[in-house]
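Everything below concerns the one structure shown next.
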Amino acid sequence: MRDKIIRELIEREARRQQKTTNLIASENFVSEDVLKALGSVFTNKYAEGYPGRRYYGGNKIVDELENLVKTRALKLFIRRPVPPAGGRRQWSVNVQPYSGSPANLAVYFALVPLGGKIMGLSLDMGGHLSHGHKVSVTGKLWKWIHCILNPKTEQFDYPAILKLAKKEKPKLIVTGYTAYSRIIDFKKFRRIANACGALLMVDMSHFAGLVAGGVYSSPFPYADVVMTTTHKTLRGPRAALIFSRKEYSKQIDKTVFPGLQGGPHANQIAATAVALYEVMQPSFRRYAKQVVKNAKVLASELQKLGWRIVSGGTDTHLFLVDTMARGISGKQASEKLEKAGIIVNKNTIPYDKRSPVDPSGIRIGTPAVTSRGMKEKDMKKLAQKINNVLLK
Ligand code: DSN
C-alpha cells in the first residue's frame with residue numbers, strides 16, 4: 001500500500017486486535033476469504049435496482065452474485081417448512097441493506113405509517129438505538145411502546161407485555177436485543193402480536209449465528225419479518241439481511257431501494273456470500289455450540305467469584321455483569337479491563353439508575369474469543385483475570 005499512513009494504521013489495528021482479548025458481544029473476526037471478497041473489484045460496480053432490473057449496464061455478474069446470496073440465505077435459515085403454507089418459497093430476502101439500523105428503518109417505513117405505534121425493547125433495557133430510542137430517527141418518526149422486563153427475573157414479562165399490547169394496539173412488534181442473555185420465546189411474542197393484530201418482526205442481529213448453528217430457537221416459524229446484521233455471530237462483513245414473508249417483501253424491497261438507499265455495495269454482498277458459505281459448513285455448528293458453552297462457563301465462573309450476573313446467567317453468547325453491585329461503575333470497569341488488554345463495553349442493566357455514559361454494568365460476549373479458539377479452560381482463566389483486574 002503506497003499510503004503509508006493508512007498502511008500503518010491498519011497494521012497497528014491488526015496488532016491491537018491480536019494482542020487484546022475481545023469480549024465485545026457484537027464483534028467477531030472474519031476469515032481471510034471474507035476480507036478478500038470485501039476488498040474485491042465488486043467495489044467498483046454500481047448496481048442500483050435488483051437482479052434483472054438494474055439502472056446500469058454491466059450487471060450480469062452482480063445479478064448472479066445477488067441471486068446466489070439470496071438462495072444461500074434462504075437455504076440456511078429456512079430449512080423446514082414454515083407454517084401455515086410451508087416452504088422456503090413463502091419467504092423472500094433483501095440482501096442490500098448497508099447495515100442493521102438502515103435495515104430496521106426500512107422495515108418500519110415499509111410496514112407502519114409514520115406516527116404509528118411500534119412495540120420494542122428500549123436500549124437501556126437491552127434493546128437497540130434503532131428500536132425507538134428518542135435520539136434515533138426511529139424514535140422520532142413512530143410512537144414507541146416499550147416492552148416490560150420483570151424487575152426480579154430481568155427477563156421478558158410476557159403477561160405484562162400482552163396486557164400492554166392489547167391496550168396500545170401497536171401495528172408492529174419488534175423483538176430482539178443487544179444486551180439480553182436469554183432465549184426469546186417467539187411463540188409467545190406471536191401470540192401477543194395476534195392478540196393485538198400486530199405484525200411480528202424479529203431483529204436477530206445478535207443471535208443469527210446461534211440460530212444458524214442450531215443453538216437458539218428459530219424465529220422463522222413465528223415472525224412476519226426477520227432481520228439480521230451479518231457481522232456479529234454470523235462472522236461476516238458489516239451488512240444486513242431482511243427476510244420477509246412474501247406478502248410484505250415487495251413493499252420492503254421498494255423501501256430499501258429506491259426509498260432509502262442508492263446503489264448496493266456489491267463487495268459487501270460478495271463478502272456476505274462467503275460468510276454464508278462458511279456458516280453452512282459443519283464446523284460452524286461446532287463454533288456456535290462452543291460460543292454458548294464459553295459464555296455459560298465465563299458467567300458461572302464470575303458468579304462463583306462473587307459477581308452478579310443480570311438474570312442469573314446466560315443461554316446465549318453474552319451476559320451483563322452488574323459491576324455496580326460491588327461499587328465499580330461500568331465505565332470504571334471497562335477502563336480498568338482495557339488497561340489489562342481485555343476489551344468489553346460498558347452497558348446499562350435493566351432498570352439502571354445510572355446514565356448510559358457511566359452505567360452500572362458491562363456486557364461480555366464470547367463470539368470473538370471463540371473464533372480465536374478459546375475453550376472452557378480459557379474461560380476459567382479469563383474469569384479469574386477479570387476478577388483480579390476489577391478488584392485491584
Ligand atoms: N451496537 C451494536 C452492539 O454492540 O450490540 C448493535 O448494533
Heavy-atom accessible area per residue of region 96-143, all protein chains kept, 1.4 Å probe, expressed in Å², is 37
May I ask you to derive the FRET efficiency for ILE24 and LYS293 from their Cβ-Cβ distance with R0 = 22 Å, giving the value to the nearest 0.05?
0.70
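So if R0 is 35 Å, what FRET efficiency would VAL135 and LYS169 give, r being the distance between their Cβ atoms, rounded to the nearest 0.05?
Values: r = 26 Å, r/R0 = 0.74.
Calculated transfer efficiency: 0.85.
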For the chain, what is the calculated [θ] at 222 nm in deg cm²/dmol (nearest 500), taking -39500 (n - 2.57) for each run of four or more DSSP H residues and dividing by its residue count?
-12500 deg cm²/dmol
Spin-label model distance (nm) - TYR46 vs VAL357, 7 Å beyond Cα toward Cβ:
4.2
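Output the antiparallel fraction of DSSP beta bridges having both residues in the chain, as a percent to the nearest 5.
Values: 20 of 36 bridges.
Restricted to the chain, the bridges split so that about 55 percent are antiparallel.
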Take the chain, compute every pairwise Cα distance, and split them into 10 Å bins from 0; I just need the percent in each bin.
5, 23, 32, 27, 12, 2, 0
What residue among SER371, GLY361, PHE319 has its Cα farthest toward the positive end of the dipole of region 296-390, where the charges are +1 on Lys, Arg and -1 on Asp, Glu, each on the Cβ?
SER371
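Given Cβ point charges of +1 (Lys, Arg) and -1 (Asp, Glu) and nothing else, what value in debye, to the nearest 20, does the dipole of region 272-357 about its Cα centre take?
On the way: 14 positive and 7 negative charges, 40 e Å.
Result for region 272-357 is approximately 200 debye, rounded to the nearest 20.
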Provide the solvent-accessible area of THR71, counting protein heavy atoms only and rolling a 1.4 Å probe, rounded to the nearest 10 Å².
80
Between ASN67 and SER283, how many nm apart are label points set 7 Å from Cα along the C-beta direction?
3.1
Roughly how much of HIS146 is accessible, in Å² to the nearest 10, using a 1.4 Å probe?
60
Report the full-extension gain for the segment ARG79 to GLU338: residue separation times 0.36 nm, less the Cα-Cα distance, to one decimal in nm.
89.1 nm
Set LYS143/LYS188; LYS117/LYS169; LYS293/LYS380 screened for pairs whose C-alpha atoms are more than 19 Å apart
LYS143/LYS188
Positive-end residue, region 97-234 charge dipole about Cα centroid, Cβ charges, pick of GLY120, TYR216, SER205
GLY120
ILE183-ASN387 pseudo-label distance in nm [points 7 Å out on the Cα-to-Cβ vector]
2.9
Scan of the chain for chymotrypsin sites (Phe, Trp or Tyr not before Pro) in DSSP loops with at most 13 other beta-carbon atoms within 10 Å gives a longest site-free stretch of 57-350
With r as the distance between the Cβ atoms of LYS375 and ASP3 and R0 = 51 Å, compute the FRET efficiency 1/(1 + (r/R0)^6) and round to 0.05.
0.80
Within the chain, which complete DSSP H helices have Cα atoms spanning at least 24 Å along the helix axis and a mean Kyte-Doolittle hydropathy of 0.0 or higher?
60-77
In whole Hz, what ³J(HN,Hα) sequence does region 197-205 give by Karplus (6.51, -1.76, 1.60; θ = phi - 60°), x for Gly and Pro?
x, 9, 7, 10, 10, 10, 9, 9, 3
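The values are calculated or read from the model by the stated rules, or taken from the named source; none is laboratory data. These numbers were taken from a predicted model, which means no experiment stands behind them. As a convention, Cβ positions derive from the backbone with ideal geometry for all residues, glycine included, and neighbour counts pool all protein chains shown. Note: accessible area is taken over every heavy atom of the protein model, side chains too, but ligands, DNA and RNA are not part of it. Shrake-Rupley method; radii C 1.70, N 1.55, O 1.52, S 1.80 Å.
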